[in-house]
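Below is one structure, written out as structure tokens; the observations come after it.
The values are calculated or read from the model by the stated rules, or taken from the named source; none is laboratory data. All figures in this text were calculated on a predicted structure; none of them were measured in a lab. Cβ sites come from the backbone with ideal geometry, for glycine too, and all protein chains shown count toward neighbours. Note: areas computed on protein heavy atoms with side chains; ligands, DNA, RNA excluded. Shrake-Rupley method; radii C 1.70, N 1.55, O 1.52, S 1.80 Å.
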Amino acid sequence: MKKSRFILLLLFTAFLFFVHEVVYAKTIVRIIVPVSGVRLREEPTSSSKTLVEKIPVNTIYELVTEERTDPSLGCTMGWYHVYYEGDKTGYVCANFADEYSRVEYDENVVNNCETDLKVKGFPESYIPGLCELKKIHPTWNFTPDFNNLDWGNSVFQQEYDRKALIQSFNEKTQGFLDTEYISYDYLKDEFIVKEGTNWYNASHDTVAYFLDPRNFFDEQEIFIFEKLSFDETAQKLDTVNDVLKGTDIAAKSSVIYDAGKSNNVSPVYLASRIKLETTGNYTNYSIRGTAYGNYPHIYNPYNIGAYTGAADGIKWAAGSIGYGTPWTTLDTAINGGAQYIAAHYVGIGQDTTYFQKYNVSSYRQRTAYTNQYQTNVQGPAQEAISTYKALVSNNLLETAFSFVIPVYANMPETASPMPTEGNPNNHLKSITVNGKEIQNFKHDTFTYDYYVAEGLTSVKIAGSVINKNAKLEGTGDINLTGEKTTVTLKVTAQNKKVQNYTINIIRTDGTAMSVDDILNSMAAPITGEMLIYGPGLTIDQFRNEVNKISATASVVINNQNPLTFSTGDTVTISNGADKKTLNIAVRGDVSGDGNIDIKDLLKVQKYILGYSDLPGVYFKGGDNNQDGIVNIKDLLRIQKHILGYLTIN
């Protein structure tokens with residue numbers, strides 16, 4: 001009897017195990033659209049709303065269900081119900097699609113992936129996206145690279161002028177562009193071209209988006225993390241042909257393949273790089289081989305050394321710096337460039353497309369953030385998509401690829417978002433009260449005190465935006481209540497970013513004004529106990545401004561220069577019993593003589609290098625772009641001021 005119970009128990013346990021396996025088993029089926037001109041529909045009918053007008057050739061979709069719909073709805077083979085853009089769904093006519101892959105798995109595979117990635121040390125925010133990829137590509141391997149580089153500083157290091165560029169063709173893409181003074185003129189609403197005709201500095205948020213690895217955990221863009229050493233199982237000549245299909249340089253596919261193989265660099269990557277840099281057509285100077293300036297018959301298909309444009313690259317390739325230079329034939333340039341890339345990037349710790357754009361790997365051999373191959377922030381993703389499409393065409397997507405994914409210190413909990421499209425200018429050109437412009441109004445000063453007569457009961461406030469697409473709210477007739485009425489003007493840029501301007505309307509007879517009221521009425525730039533001005537403000541100008549606000553106020557100045565302010569001066573303002581002494585900082589004047597010259601340049605340079613300090617007002621004088629730090633940006637502004645290229649004001 002006991003034996004029978006034992007056998008029954010074993011059978012029951014086996015049954016439970018079988019049921020468990022059946023419950024968790026699932027098949028993921030994906031289709032491919034190998035032809036052009038196919039639409040993605042909202043419903044399974046040819047008259048339904050179009051979600052995608054022209055599905056790109058070789059796009060892969062996961063099926064919601066294997067069952068097709070009724071073939072009588074405008075598609076003779078029925079409609080596939082598919083996922084797109086994450087969890088969104090739509091329909092593709094089965095006449096134009098083929099089954100691409102069928103992967104059977106159970107939820108335990110996903111659980112095992114999560115456990116494996118946690119053991120490897122991946123942050124929680126990395127795991128869902130990578131395990132979704134692992135679910136449909138079980139042979140893919142993900143390895144974290146802990147670089148111990150602070151995330152915030154890493155974003156900052158990529159923001160230097162011309163280091164992170166992005167193309168913009170219209171106002172729609174201006175939301176991705178930098179609005180710092182070196183990149184943008186708010187008052188003119190003009191972005192400053194940094195290369196070619198339409199390359200601009202990318203904004204902080206744009207740099208953060210493209211630097212954040214978590215934004216590229218999809219089937220195509222994951223290839224920015226692919227190891228770029230040569231792998232014969234994954235990198236075929238046919239794959240190179242597909243990357244370059246339709247381009248002039250496709251005729252050189254075998255040369256590119258051999259160059260990659262002999263230098264232990266992925267030839268698929270080399271082909272993608274050439275296509276990105278030159279379009280692959282002989283109309284491009286870098287592969288054309290005809291006279292370019294003073295350098296006839298020179299080739300540079302990878303645009304190595306093209307720091308500000310193709311001309312730099314041609315000049316570089318015309319030199320005698322090894323790697324077969326000067327590159328006087330296209331074959332020599334393809335081979336020599338592959339040698340250079342192996343020696344200067346792939347072989348020294350920059351062995352993914354991501355690490356070539358951002359030199360941040362833990363095993364890098366050069367200083368972090370230096371030796372970066374390209375300035376285009378979108379470049380790695382564009383190359384990855386090109387690689388992916390070629391792999392799909394050659395049925396190589398199930399190869400056991402290895403991906404190395406960076407992990408920074410102090411990363412935000414969630415992935416950095418893509419900036420919103422549209423012009424970012426949310427500043428005002430002017431503000432008027434009862435038709436009179438606010439004195440000393442500046443587009444980048446956002447709080448003002450405005451004094452009116454005691455008996456006034458209302459004012460009319462108006463303002464004008466700089467960019468025509470910005471929206472201004474809060475203007476019109478304002479009823480005054482009490483001694484002070486606060487008015488907020490809300491400016492919303494085309495890209496939805498908001499800037500508020502605050503105007504405090506204060507009713508007074510002028511004689512009882514505090515010193516703070518006088519200073520606020522002057523729109524004086526105060527930080528703590530400091531007044532911060534641009535160079536050239538005269539003592540008389542300051543005294544007159546004070547007395548315009550209150551005729552009873554007195555001004556005593558302890559100054560080094562008899563005519564103008566210098567950093568280190570002090571000013572004491574008295575009105576009745578109220579009295580206040582403030583230190584003066586003059587932007588750009590670090591030496592304290594009231595001028596901006598080589599002495600100031602050297603003092604800022606020594607501060608940046610750590611050789612000397614800038615205490616108090618002298619730090620504020622050095623921080624001439626008013627971003628709260630003294631760095632290379634301030635040094636360059638002082639240098640340009642001395643040379644006459646800009647005016648610090």
- Message: Scan the stretch 557-568 and tell me whether some residue there is assigned to a loop (DSSP other than H, G, I, E, B), in contact (Cβ under 8 Å) with a residue 40 or more places away in the chain and either among the hydroxyl-bearing types (Ser, Thr, Tyr) or open to solvent by less than 60 Å² (accessible area, probe 1.4 Å) (or both).
- Response: yes
- Query: Say we look at the stretch 569-585 and pick out the residues that are more than 22 Å from Phe619 (Cβ to Cβ) and either in contact (Cβ under 8 Å) with a residue 60 or more places away in the chain or assigned to a helix (DSSP H, G or I) (or both); which of these is least open to solvent (accessible area, probe 1.4 Å)?
  - Reply: Asn575
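Let's see how each residue does on (1) charged (D, E, K, R); (2) under 34 Å from the mean Cα position of the chain (by Cα):
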| position | (1), (2) |
| --- | --- |
| Thr527 | no, yes |
| Asp540 | yes, no |
| Ala577 | no, no |
| Leu602 | no, yes |
| Leu609 | no, yes |
- Identity of the residue in the stretch 278-308, at pLDDT below 90 and in contact with a strand residue (DSSP E or B) (Cβ under 8 Å, 6 or more places away or on another chain), that ends up nearest to Val193 (Cα to Cα): Thr308
- Within the stretch 316-326, is there a residue that is part of a helix (DSSP H, G or I), open to solvent by 10 Å² or more (accessible area, probe 1.4 Å), modelled with pLDDT under 95 and over 16 Å from Asp248 (Cβ atoms)? yes
- Query: Taking the stretch 360-371 only, how many residues are closer than 15 Å to Glu159 by Cβ and buried (at least 20 other Cβ atoms within 10 Å of the Cβ)?
  - Reply: 1
- Query: Can you spot a residue in the stretch 171-192 that is in a strand (DSSP E or B) and surrounded by fewer than 16 Cβ atoms within 10 Å (Cβ to Cβ)?
  - Reply: yes
- Message: Quick check on my filter: what residues within the stretch 304-315 are buried (at least 21 other Cβ atoms within 10 Å of the Cβ) and either over 29 Å from the mean Cα position of the chain (by Cα) or assigned to a loop (DSSP other than H, G, I, E, B) (or both)?
- Response: Ile304, Ala306
- Query: Can you spot a residue in the stretch 227-242 that is open to solvent by 10 Å² or more (accessible area, probe 1.4 Å), of a type outside the set (S, T, N, Q) and farther than 13 Å from Ser266 by Cβ?
  - Reply: yes
- Scanning for something free of Cβ contacts under 8 Å to residues at least 40 places away in the same chain and within 25 Å of Thr173 (Cα to Cα), does the stretch 278-287 turn up at least one residue? yes
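Just the residues that are of a type in the set (Ser, Thr, Tyr) and in contact (Cβ under 8 Å) with a residue 12 or more places away in the chain, please, taken from the stretch 308-324. Break it down into steps so the answer makes sense when it comes.
Keep residues of the stretch 308-324 that are of a type in the set (Ser, Thr, Tyr), which gives 308, 320, 323.
Thr308, Tyr323 - these are the residues of the stretch 308-324 that are of a type in the set (Ser, Thr, Tyr) and in contact (Cβ under 8 Å) with a residue 12 or more places away in the chain.
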- Hits in the stretch 193-217 (condition: of a type outside the set (Val, Ile, Thr), touching a residue at least 60 places away in the same chain (Cβ under 8 Å) and assigned to a helix (DSSP H, G or I)): Asp205, Ala208, Tyr209, Phe210, Leu211, Pro213, Arg214, Asn215, Phe216
- Query: Among the residues of the stretch 419-463, how many are part of a strand (DSSP E or B) and either farther than 25 Å from Arg507 by Cα or of a type in the set (A, V, I, L, M, F, W, C) (or both)?
  - Reply: 8
- Note on the structure: Only unsatisfied item for Gln626, checking (1) free of Cβ contacts under 8 Å to residues at least 40 places away in the same chain; (2) surrounded by fewer than 19 Cβ atoms within 10 Å (Cβ to Cβ); (3) under 22 Å from Thr527 (Cβ atoms), is (1)
- Note on the structure: Residue hits (the stretch 51-91; in a strand (DSSP E or B), open to solvent by 60 Å² or more (accessible area, probe 1.4 Å) and in contact with a Gly (Cβ under 9 Å, 6 or more places away or on another chain)) are Tyr83
- What are the residue pairs meeting all of these: first residue in the stretch 600-617, first residue outside any helix (DSSP H, G or I) and open to solvent by less than 70 Å² (accessible area, probe 1.4 Å), second residue at pLDDT 90 or above and among the hydroxyl-bearing types (Ser, Thr, Tyr), Cβ atoms under 8 Å, and 6 or more apart or on different chains? Leu614/Tyr607
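Results for (1) among the acidic types (Asp, Glu); (2) modelled with pLDDT of 90 or more; (3) out of contact with any strand residue (DSSP E or B) (no Cβ under 7 Å at 6 or more places or on another chain), shown as yes or no for each residue.
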residue	(1), (2), (3)
Phe17	no, no, yes
Val52	no, yes, no
Leu63	no, yes, no
Thr69	no, no, no
Thr89	no, yes, no
Asn95	no, yes, yes
Val110	no, no, yes
- Item | Matching residues, the stretch 435-453, being buried (at least 20 other Cβ atoms within 10 Å of the Cβ) and among the acidic types (Asp, Glu) | Asp449
- Query: Tell me, which residue of the stretch 133-167 that is of a type in the set (Phe, Trp, Tyr) and assigned to a helix (DSSP H, G or I) is most open to solvent (accessible area, probe 1.4 Å)?
  - Reply: Phe156
- Note on the structure: Pairs returned, first residue in the stretch 367-390 that is at positive phi, second residue that is assigned to a helix (DSSP H, G or I), beta-carbon separation under 6 angstrom, 6 or more apart or interchain, are Tyr369/Gln157
- Which is touching a Ser or Thr at 6+ places or on another chain (Cβ under 9 Å), open to solvent by 40 Å² or more (accessible area, probe 1.4 Å) and hydroxyl-bearing (Ser, Thr, Tyr), of Thr432, Thr420, Thr414, Thr399? Thr414
- Query: For Gln235, which of the numbered conditions (1) farther than 24 Å from Glu85 by Cβ; (2) assigned to a helix (DSSP H, G or I) fails to hold?
  - Reply: (2)
- Item | All positions within the stretch 327-354 that are surrounded by fewer than 24 Cβ atoms within 10 Å (Cβ to Cβ), in contact with a Phe, Trp or Tyr (Cβ under 7 Å, 6 or more places away or on another chain) and among the hydrophobic types (A, V, I, L, M, F, W, C) | Leu330
- Item | Which numbered condition Asn434 fails, given (1) touching a residue at least 40 places away in the same chain (Cβ under 8 Å); (2) touching a strand residue (DSSP E or B) at 6+ places or on another chain (Cβ under 6 Å) | (1)
